[in-house]
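Written below as structure tokens is the structure these notes are about.
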Amino acid sequence: MVADSVSVKDAGPLVRSVVVLPGCSMARAMSAFTNAPLLARWWGGGELSTELTVGGPYLVRFPALGRTMTGRVLGYEPDRQLEFSWSWDGQEETGRTVTVNVCGGQPVSLTIEHGSYGDTEADLTARAEHRAGWQYFLPQLAATLTRG
């Protein structure tokens, strides 16, 4: 059932994911990306450190991988949208952002857009890695949020 609630696809220059969350509120859906203990439950034990203001840090340390996703908050609207830049271990990844939108209704859904990607070998590799990462972790997010 959870696997049916997650879709991860290439969409032009982006990887676009949709997660359908029956019985989940918009606030809880967004908290999957803004609440450190909740994020750790679904995102591989990731340790979130952030200030949810434009320009504030958005860092997720993954001890099991020995890596840190570093970024800055580019936009934040509580319970509706979070946009942050993305790079691994402080490496510059110009133009790479993650936008999380929460859509109300029955049921609530999260739309995650990660990109943009070009046609270089490095971009194609990053795109494939990010798509595989979302395909692996988003079913865990759905299970975590719909369990209550």
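What follows is calculated from the coordinates using simple rules that are stated; it is not laboratory data. Note that the structure is predicted; figures quoted are calculated from it, not measured. Cβ coordinates were reconstructed from backbone atoms using ideal geometry, including for glycine residues, and neighbour counts include every protein chain displayed.
Shown in residue order for region 111-126 are the 3J(HN,Hα) couplings computed by the Karplus curve 6.51 cos²θ - 1.76 cosθ + 1.60 at θ = phi - 60°: 10, 10, 10, 10, x, 8, 10, x, 10, 6, 4, 5, 5, 5, 5, 4 Hz (x for Gly and Pro).
Summing +1 for each Lys or Arg and -1 for each Asp or Glu among the other residues whose beta-carbon sits under 14 angstrom from that of Ala27 gives 0. The HN-Hα couplings worked out from phi for region 63-71 by the Karplus form 6.51 cos²θ - 1.76 cosθ + 1.60 (θ = phi - 60°) are x, 5, 8, x, 9, 10, 8, 10, x Hz, whole numbers, x standing for Gly and Pro. Amide H to amide H distances under 5 Å link Gly56 with Val73, where only residues 5 or more positions off or on other chains count and H is placed in the peptide plane.
So if the hydrodynamic radius of region 1-85 is defined as the Kirkwood radius over C-alpha pairs, what does Stokes-Einstein give as its diffusion coefficient at 10 °C and 1.306 mPa s, in µm² per second?
Values: Rh = 14.1 Å.
Here the translational diffusion coefficient equals 113 µm²/s.
Restricting the trypsin sites (Lys or Arg not before Pro) of region 70-148 to loop positions (DSSP other than H, G, I, E, B) with no more than 16 neighbouring Cβ atoms within 10 Å leaves Arg80.
Measuring from label point to label point, each 7 Å out along Cα→Cβ, what is the Ala36 to Val54 span in nm? A separation of 2.6 nm, rounded to one decimal place. For the pair Ala143 and Ala27, the difference between a 0.36 nm per residue extended length and the Cα-Cα distance amounts to 40.1 nm.
Based on Cα contacts under 8 Å between residues 6+ apart, the chain shows a relative contact order of 28 percent.
Among Ala126, Ala32, Ala64, the largest mean-square fluctuation in a Gaussian network model of the chain, built with springs joining Cα atoms closer than 10 Å, belongs to Ala64.
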